[in-house]
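Colleague: Pasting a structure below so you can have a look.
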């Protein structure tokens, strides 16, 4: 990896973890994705692959709304977390939404 990219990735990860709750930090360390409750009460799982809306711990919808993939994944994940917590309806309105079979992994 490019040394500048590596520094940016490390900084993004540090910033992301500094904004996570203890529970979210534990989820991230154990599984990768972490759970966020949106401002309107929806539950979401944010991973390096994107955002999924969850119901009863099962993924029901994938939402595609993120900064360019040129940014480190930690920065993209933090942007999604903050936006969902601040204005879930706006995030959902802009996102490309795809229903998932209830059996698909979140």
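Every read-out reported here was derived from the displayed coordinates using simple, explicitly stated rules and does not represent laboratory data. Quick caveat, the model's predicted, so the values are computed rather than measured.
Colleague: Return, for the Cα atoms of region 1-87, the radius of gyration and Dmax in Å, separated by a comma.
Modeller: 12.9, 42
Colleague: Something else about it: Angle check, please: helix 73-94 long axis (alpha carbons) against the longest principal axis of the chain (alpha carbons), in degrees 0 to 90, nearest 10.
Modeller: Rounded to the nearest ten degrees, it is 30.
Colleague: List the relative contact order of the chain as a percent without decimals, with contacts defined as Cα pairs under 8 Å and 6+ residues apart.
Modeller: On the way: 158 pairs, mean separation 28.8, N = 106.
This gives 27 percent for the chain.
Colleague: Taking the alpha-carbon centroid of each part, what is the distance from region 1-22 to region 28-106 in angstrom?
Modeller: With region 1-22 and region 28-106 each reduced to a Cα centre, they are spaced 19 Å.
Colleague: On a 0 to 90° scale, report how tilted helix 22-31 is relative to the longest principal axis of the chain, with both axes built from alpha carbons and the result rounded to the nearest 10.
Modeller: Roughly 80 degrees, rounded to the nearest 10.
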